1. For VAL9, VAL82, write out the residues from largest to smallest accessible area, computed with a 1.4 angstrom probe and no ligands counted.
2. Could you pull the accessible area for MET115 with a 1.4 Å probe, rounded to 10 Å²?
3. Provide, for q = 0.17, 0.34 Å⁻¹, the log10 of I(q)/I(0) from a solvent-free Debye sum over equal Cα point scatterers in region 94-133.
4. Pick out which of SER63, SER107, SER14 has the largest mean-square fluctuation in a Gaussian network model of the chain, springs linking Cα atoms closer than 10 Å.
5. Which value, in debye to the nearest 20, describes the size of the charge dipole of region 7-131 about its Cα centre when Lys and Arg Cβ atoms bear +1, Asp and Glu Cβ atoms bear -1, and nothing else is charged?
6. Taking only C-alpha pairs under 8 Å that are 6+ residues apart, what is the relative contact order of region 1-78 in percent?
7. Of all the accessible heavy-atom surface of the chain, with the other protein chains kept in place and a 1.4 Å probe, what percent is carbon and sulfur?
8. What residues have an amide H closer than 5 Å to that of GLN52, excluding those fewer than 5 places away on the same chain, when H is modeled at 1.01 Å from N in the peptide plane?
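The values are calculated or read from the model by the stated rules, or taken from the named source; none is laboratory data. As the structure is a prediction and not an experimental result, all values here were calculated from the model. Backbone-built Cβ (ideal geometry, glycine too); neighbour counts: all protein chains shown. These area figures cover heavy atoms from the full protein model, side chains too; ligands, DNA and RNA do not enter into them. Shrake-Rupley method; radii C 1.70, N 1.55, O 1.52, S 1.80 Å.
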Amino acid sequence: MSRENVEFVEGLLSGAGQMDKQALLAVLPELIAQACDPDIEWVEDPRRAAGQVHRGHEGVRRSWERWLDQWDDYETEPERFVDCGDDVLAIALERARGRSSGANVSSPKYLVFTMRAGKIARFREFEDEQAALEAVGLSD
């Protein structure tokens, strides 16, 4: 099942990565319903100024909408996927242009997807690679 989990996350991020902000916002409700367990736990990076834990489909949607609201342009480019059993570690490059500042930003993101019955049961976002590796049991 773990290879299927990697393929699922890879397809999800690759597809979403090809959408612009408006297209992503338009498909969010359907995408969340298809990809996420109804009881999903969605954990934003605790180092984010407003990092929160959201639950359920509505919580995931609110998290995405709040995040995307601060950007004029937004894209995520998946770079690598690591099979960790029930977890999939995705390493991606996030690029955006600030809505208020107009500043361009680019940073790596480390995303951990915990899969259950073919859906995302838990999502954890990290800006720190070591913390992500520890979360999936790959730290030294």
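1. Working: VAL9 0, VAL82 30 Å².
Of VAL9, VAL82, the descending order of accessible area is VAL82, VAL9.
2. 10 Å²
3. Here the Debye-derived log intensity ratios amount to -0.62, -1.02.
4. SER107
5. Working: 16 positive and 25 negative charges, 75 e Å.
Computed about the Cα centre, the dipole is about 360 debye.
6. Numbers: 64 pairs, mean separation 29.7, N = 78.
Worked out over region 1-78, it gives 38 percent.
7. 48 percent
8. So GLN52 has HN proximity to GLU44.
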